[in-house]
Amino acid sequence: MKVRDFLLLVLICLVWGYSNVLSKIVVGTWGVPPLFFAAVRFLVVIAATVPWLLPMPRPRWRILVIGLLMGAGNFALLFIGLQSASPSAAAIVIQIGVPFTTFLSIVMLGERIHWRRGLGIALTLAGVLLVVWNPEGVALSAGLWFVVGAAFTGSLGAVLMKQVEDVAPLRFQAWVGLVSFLPLALATALFEQGQWSSAAAVGWPFVAAVLFAALVVSVVGHTSYYGLIRRYEANLLAPLTLMTPLFTIAFGVMLTGDRLDMRMVAGAMLALAGVLVVALRSRPQSPILAEREQA
């Protein structure tokens, strides 16, 4: 990989990692309702990508389902989880999406699992279990259960995306934004209160956070990553994207006071090692799978 492209990938992962912690600050520290935050984010994505909406990718029903899973479902569950879960723990637990994706690929696409992928899955699960372990046994907090749900919806969307070809990155982003905004807007109107007052209380920092999440993370970050996918094989890029959870943990410790003990460090190393083993399999990985877990 060229040095310039490697530095670009490092910057993308840095942006993704910071975004995870920023989302925690928005919904956890500032108290902005998570469904409202997700809806406003996707509204900005729509505004930025509306020129790429047409023509609509086919099959249309699949794009609608994928948009709901990878957009509204994934981000709503993740933001709800981040209200109470720490970014560091969430960054590790969401790696369970790798076993989810593999299992769904076997069931839905008829893929076969080999010993190396099995080993990677086992390591990932062991790492996640170590993170959520306490002296009384395994205890997954309510927030982390939502993170697990976000991992599953993202994985299901990634598997469905494997059956869609030739979708331009900005067109995909445009349809994810459009499909996601409407149900999120309805959900926040029905289930949340004080959305606008909480956002107004935060003021311009909230506006800056939304613009960063929508434009820098979703539009620029993901589109730049797709540009790298065109030049390099996904099984080269996927292991390098493991910088994202590492950056998330670092920012979490610095900005939100995440507690990082030896158990979490060991769990993170096990989980990331498992993801690395799966990512280094001989068959190229879908770019959507590699991107799936980035917020």
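The values are calculated or read from the model by the stated rules, or taken from the named source; none is laboratory data. Keep in mind it's a predicted model, so treat the numbers as computed, not measured. Every residue, glycine among them, receives a Cβ derived from its backbone with ideal geometry; neighbour counts consider all protein chains shown. Note: accessible area is taken over every heavy atom of the protein model, side chains too, but ligands, DNA and RNA are not part of it. Shrake-Rupley method; radii C 1.70, N 1.55, O 1.52, S 1.80 Å.
Per this entry, Ala208 is counted among residues that are within 16 Å of Asn20 (Cα to Cα), free of Cβ contacts under 8 Å to residues at least 60 places away in the same chain and among the hydrophobic types (A, V, I, L, M, F, W, C). Applying the set (1) modelled with pLDDT under 75; (2) open to solvent by 20 Å² or more (accessible area, probe 1.4 Å); (3) touching a helix residue (DSSP H, G or I) at 6+ places or on another chain (Cβ under 6 Å) to Glu233 leaves exactly one unmet item: (3).
From the residues in the range 176-228 that are of a type in the set (S, T, N, Q) and touching a Phe, Trp or Tyr at 6+ places or on another chain (Cβ under 8 Å), which one is farthest from Leu77 (Cα to Cα)? The extreme case among them is Ser198. Pairs are defined by a Cβ separation below 8 Å, a sequence spacing of at least 6 or placement on different chains, a first member in the range 148-169 that is of a type in the set (Lys, Arg), and a second member that is at pLDDT 75 or above and open to solvent by less than 20 Å² (accessible area, probe 1.4 Å); the pairs so defined are Lys162/Ser105. Only one of the listed residues (Val98, Val45) is more than 22 Å from Ala185 (Cα to Cα) and either acidic (Asp, Glu) or in contact with a Ser or Thr (Cβ under 6 Å, 6 or more places away or on another chain) (or both). That residue is Val98.
Quick one: is Ser180 more than 24 Å from Ser86 (Cβ to Cβ) and either surrounded by 17 or more Cβ atoms within 10 Å (Cβ to Cβ) or modelled with pLDDT of 90 or more (or both)? Yes; evaluated as a whole, the condition is true for this residue. If you go through the range 157-177 and keep only what is part of a helix (DSSP H, G or I) and open to solvent by less than 30 Å² (accessible area, probe 1.4 Å), you end up with Gly157, Ala158, Val159, Leu160, Met161, Pro169, Phe172, Gln173, Ala174, Val176, Gly177.
The number of residues in the range 64-83 that are at pLDDT below 90 and either polar (S, T, N, Q) or under 12 Å from the mean Cα position of the chain (by Cα) (or both) comes to 2.
Do you know which residues across the range 92-124 are within 15 Å of the chain's Cα centre (by Cα) and open to solvent by less than 10 Å² (accessible area, probe 1.4 Å)? Hits for the range 92-124 are Ile92, Val93, Gln95, Gly97, Thr101. With the requirement that a residue be open to solvent by less than 30 Å² (accessible area, probe 1.4 Å) and under 22 Å from Gly71 (Cβ atoms), what does the range 193-215 give you? Listed by number, the residues that qualify are Gln195, Ala199, Phe206, Ala209, Val210, Ala213, Ala214. Going by what's in this entry, would Thr153 be described as modelled with pLDDT of 90 or more, assigned to a helix (DSSP H, G or I) and hydroxyl-bearing (Ser, Thr, Tyr)? Taking the combined requirement at face value, the residue satisfies it.
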